[in-house]
Amino acid sequence: MERLLHYVWKYRLYSSAGLITVDGIPVSVIDQGIHNTADAGPDFFNAKLKIGGTTWVGNIEIHNKASDWMRHNHDKNKAYDSVILHLVELSDAKVYRTNGEMIPQAILTVPEAVRRNIAWLLHRDTPIPCLHALCEVDPIFHSSWLDALLSERLERKMLDIFRLLDLYANDWNEVFYITLARNFGFGVNSDAFEQLAKSLPLRCILKQRSSCSQVEAMLFGQAGMLLDEENCHYYRLLQQEYAFLRHKFGLQPLDASLFRNLRIRPNNFPHIKLAQLASILREHDTLFSVILNEEDTARLRGYFRLAPSFYWDTHYHFRHASPPKEKLLGESAVNILLINTVAPLLFAFGRKNNLPEYAERAIALLEQIPVEQNSIVSTFSRAGIRACHAGDSQALIQLKREYCEKKKCLYCQIGFQLLKRANICK
């Protein structure tokens, strides 16, 4: 497979003593070049080689079979005239530049141990193929790889934020509101809460934020939760308020069936989460601006631990009353909002505006939050990779989802350490 040849060349896993052209000329690699991850152009740029007694600087192209050069029409593409060495697993043809000059060609041999290990990893029908061998890798590689994975995860979330900024004319407050609403869905209702926020512009809420009932009326009304006939006085008040506000702002409610209640603890009912979200939106007209200027983690937490209106002290939904209980967000719920809303927005803001201090604050914030408790973290922990804070747990989520599940062992630093071994098959 061609990407394995790329891997062997990039990390110099071949036997350098045996690298010679098909014409018998020895090749000495001074610099293997920069891996081209784009779809077009040679595979490695700016390589430096000594072929025979001559030093060459140029590009490298790699194929399984030499005849792939013609099959891909490189012999007619001037972009490949800069290739100084063609590396192949099977030399079944000679290759030429567009002017007819022959390009030096060498067979790149994949070490048998590497081939055996990668075949075993890629064909294992397990969520984490190398799980049994993780404890054999030096912990220093665990630590450095987790740092890189955390940056990858934040950058992935940053791209989602940038897409929202493009849709909402670079309005950071609107994007923060939509992201916050999504994360108030806490997984099971995330898509529904995001749809709700997109259907109810922040400006509508801010215009009515002096009235608790009107803010709640807009959120519950937009969620399609005010369409029943109920005897509850507060429910009828919200219905009346929403009827007025729906006409005022031209709102169109969602279908209440989007919001799931089954197999959810009462504290996580969408009604309670909407009431908690309403209390936060009422408190600050530009919460994102407040967060940008707040460096104290304890105070950051306080911005999200606000009590909903008194009605919710004795209700989990509109149908029946319940014993009195204040419905503040719990510590773990606040952590989820800090991890998935505040840190990514700070990171994105820093990158977008070339203000690295905000990206650094995002990482520092994650390092102050306890490790997330989930099956991914516990699985890696049992295998020898222990997370110390939320930054590490986010990195492990990135590792599992983007590398282990996608069988991208060739691109994993832990996989790289294991592939060099004589045998990891057990």
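The values are calculated or read from the model by the stated rules, or taken from the named source; none is laboratory data. From a predicted model like this one, the values you see are computed outputs, not experimental measurements. Quick reminder, even Gly has a Cβ in these numbers, built from the backbone with ideal geometry, and neighbours come from all protein chains shown.
For the stretch 263-282, filtering for residues that are free of Cβ contacts under 8 Å to residues at least 12 places away in the same chain and buried (at least 22 other Cβ atoms within 10 Å of the Cβ) leaves 0.
Among the residues making up the stretch 309-326, those that are in a loop (DSSP other than H, G, I, E, B) and either of a type in the set (A, V, I, L, M, F, W, C) or touching a strand residue (DSSP E or B) at 6+ places or on another chain (Cβ under 9 Å) (or both) are F318, S322. Just one of the listed residues (P344, P356) is touching a residue at least 12 places away in the same chain (Cβ under 8 Å), within 19 Å of K157 (Cβ to Cβ) and not assigned by TED's automatic domain parsing to the domain that holds R305, and it is P344.
Right, L338: crowded, with 16+ Cβ neighbours inside 10 Å, more than 18 Å from the chain's Cα centre (by Cα) and either within 23 Å of D166 (Cα to Cα) or free of Cβ contacts under 8 Å to residues at least 60 places away in the same chain (or both) or not? Against the criterion (crowded, with 16+ Cβ neighbours inside 10 Å, more than 18 Å from the chain's Cα centre (by Cα) and either within 23 Å of D166 (Cα to Cα) or free of Cβ contacts under 8 Å to residues at least 60 places away in the same chain (or both)), L338 does not qualify.
The number of residues in the stretch 379-398 being part of a helix (DSSP H, G or I) and modelled with pLDDT of 95 or more comes to 9. Of all the numbered requirements in (1) crowded, with 16+ Cβ neighbours inside 10 Å; (2) in a helix (DSSP H, G or I), F304 misses one, and that requirement is (2).
What pairs come up if the first residue lies in the stretch 210-237 and is in the same structural domain as R182 (by TED's automatic domain parsing) and assigned to a helix (DSSP H, G or I), the second is surrounded by 24 or more Cβ atoms within 10 Å (Cβ to Cβ) and of a type in the set (G, A, S), and their beta carbons are under 7 Å apart, counting only those six or more places apart or on different chains? Listed by first residue and then by second, the contacts come to V215/A278; E216/A278; L219/A278. Residues in the stretch 162-172 that are free of Cβ contacts under 8 Å to residues at least 24 places away in the same chain, in a helix (DSSP H, G or I) and either surrounded by 17 or more Cβ atoms within 10 Å (Cβ to Cβ) or more than 18 Å from the chain's Cα centre (by Cα) (or both): L164, D166, L167. Filter the stretch 249-262 for residues that are surrounded by 13 or more Cβ atoms within 10 Å (Cβ to Cβ) and of a type outside the set (F, W, Y); which is farthest from Q276 (Cα to Cα)? Ranking the qualifying residues of the stretch 249-262, first place goes to L251.
Take E295 and tell me if it is surrounded by fewer than 17 Cβ atoms within 10 Å (Cβ to Cβ), within 32 Å of the chain's Cα centre (by Cα) and either part of a loop (DSSP other than H, G, I, E, B) or in the same structural domain as A217 (by TED's automatic domain parsing) (or both). Considered against the rule, which asks whether it is surrounded by fewer than 17 Cβ atoms within 10 Å (Cβ to Cβ), within 32 Å of the chain's Cα centre (by Cα) and either part of a loop (DSSP other than H, G, I, E, B) or in the same structural domain as A217 (by TED's automatic domain parsing) (or both), E295 comes out as yes.
The lone criterion from (1) closer than 20 Å to K94 by Cα; (2) over 33 Å from the mean Cα position of the chain (by Cα) left unmet by P42 is number (2). Among the strands (runs of 3 or more DSSP E) lying completely within the stretch 14-111, list those that include at least 3 residues that are touching a strand residue (DSSP E or B) at 6+ places or on another chain (Cβ under 7 Å) and surrounded by 15 or more Cβ atoms within 10 Å (Cβ to Cβ). The strands (runs of 3 or more DSSP E) meeting that bar are 44-51, 54-65, 83-90, 105-107.
The number of residues in the stretch 173-209 that are under 20 Å from the mean Cα position of the chain (by Cα), surrounded by 17 or more Cβ atoms within 10 Å (Cβ to Cβ) and either on the phi > 0 side of the Ramachandran plot or not in a helix (DSSP H, G or I) (or both) comes to 3.
Kindly indicate whether any position in the stretch 367-376 is of a type in the set (S, T, Y), under 21 Å from H142 (Cβ atoms) and surrounded by 21 or more Cβ atoms within 10 Å (Cβ to Cβ). Within the stretch 367-376, none of the residues are of a type in the set (S, T, Y), under 21 Å from H142 (Cβ atoms) and surrounded by 21 or more Cβ atoms within 10 Å (Cβ to Cβ).
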